[in-house]
Amino acid sequence: MTYLKSFVAATLTAATFAGAAHAGGHSQNIVEIAAADERFSTLVAAVTAAGLVETLSGEGPFTVFAPVNDAFAALPEGTVDTLLMEENKGDLTNILTYHVVSGKAMSTDLAAGSSLVGTVMADSNICITAGDGVTIADGTGTIANVVIADIEASNGVIHVIDKVLIPGTAPACM
């Protein structure tokens, strides 16, 4: 976890220097919002290690399904530290881009039922189901719950989730 803490420190420094946009009246971008919230310190460390800070600070718009620290902690022991290693940057990038959808999708945009949605990771989909709350099925069959919806940013929106989404085969989506 020492490795993780050093990435968090570097990320918070990088986010401090990121320019704040003012589109839509929101002054902070997705990375700045995440960096300012301790619940996302592992996600921010991962975004930094993957070299995605500039991209996710860019114009967008993006919809980000942001796992909280507890979601990363629930992965098998050593997974996060292994993914943060330079030689695993490709795998980390795939996992992180699997949490991002192009465009700004607010919770009020969802119709009841399930929809297969493409992520910015090439040739990958998640299944979003709206009903009694919103859930997301990943390529492994894991179901994440949206625990906080619609955190607006200058370049999109963040929906907080309780699991890390892992790419795999296309999720069943009914």
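What the table below lists for this structure:
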{"read-out": "Every pair of residues 6+ apart whose Cβ atoms lie under 8 Å, when the first sits in the stretch 72-95 and is closer than 19 Å to MET121 by Cβ and free of Cβ contacts under 8 Å to residues at least 12 places away in the same chain while the second is assigned to a helix (DSSP H, G or I) and among the hydroxyl-bearing types (Ser, Thr, Tyr)", "value": "ASN88/THR82"}
{"read-out": "Qualifying residue in the stretch 149-159 (condition: outside any strand (DSSP E or B), touching a residue at least 60 places away in the same chain (Cβ under 8 Å) and not basic (Lys, Arg))", "value": "yes"}
{"read-out": "Failed criterion for MET121 (all others in (1) at pLDDT 95 or above; (2) within 25 Å of ALA172 (Cβ to Cβ) hold)", "value": "(1)"}
{"read-out": "Unique residue being buried (at least 16 other Cβ atoms within 10 Å of the Cβ), modelled with pLDDT of 95 or more, of a type in the set (Val, Ile, Thr) and more than 20 Å from ALA50 (Cα to Cα) when the list is ILE136, ILE148, ILE158", "value": "ILE136"}
{"read-out": "Checking THR108 against (1) farther than 15 Å from ASP138 by Cβ; (2) touching an Asp or Glu at 6+ places or on another chain (Cβ under 7 Å), the condition it does not meet", "value": "(2)"}
{"read-out": "Residue within the stretch 74-84 that is within 19 Å of ASN145 (Cα to Cα), over 15 Å from the mean Cα position of the chain (by Cα) and either modelled with pLDDT of 95 or more or surrounded by fewer than 18 Cβ atoms within 10 Å (Cβ to Cβ) (or both) present", "value": "yes"}
{"read-out": "Residue count, the stretch 124-148 (criterion: touching a residue at least 24 places away in the same chain (Cβ under 8 Å) and either under 14 Å from ALA170 (Cα atoms) or of a type in the set (Phe, Trp, Tyr) (or both))", "value": "11"}
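Every residue, every condition in (1) among the polar types (S, T, N, Q); (2) at pLDDT 95 or above; (3) closer than 22 Å to SER154 by Cα, yes or no:
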site	(1), (2), (3)
LEU43	no, yes, yes
VAL47	no, yes, yes
VAL53	no, yes, yes
GLY58	no, no, yes
PRO61	no, yes, yes
ALA66	no, yes, yes
ASN69	yes, yes, no
PHE72	no, yes, no
ASN88	yes, yes, no
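The values are calculated or read from the model by the stated rules, or taken from the named source; none is laboratory data. Nothing here was measured: the structure is a model prediction, and the numbers come from that model. Neighbour counts are summed over all protein chains in view; Cβ atoms, including those assigned to glycine, are modelled from backbone coordinates with ideal geometry.
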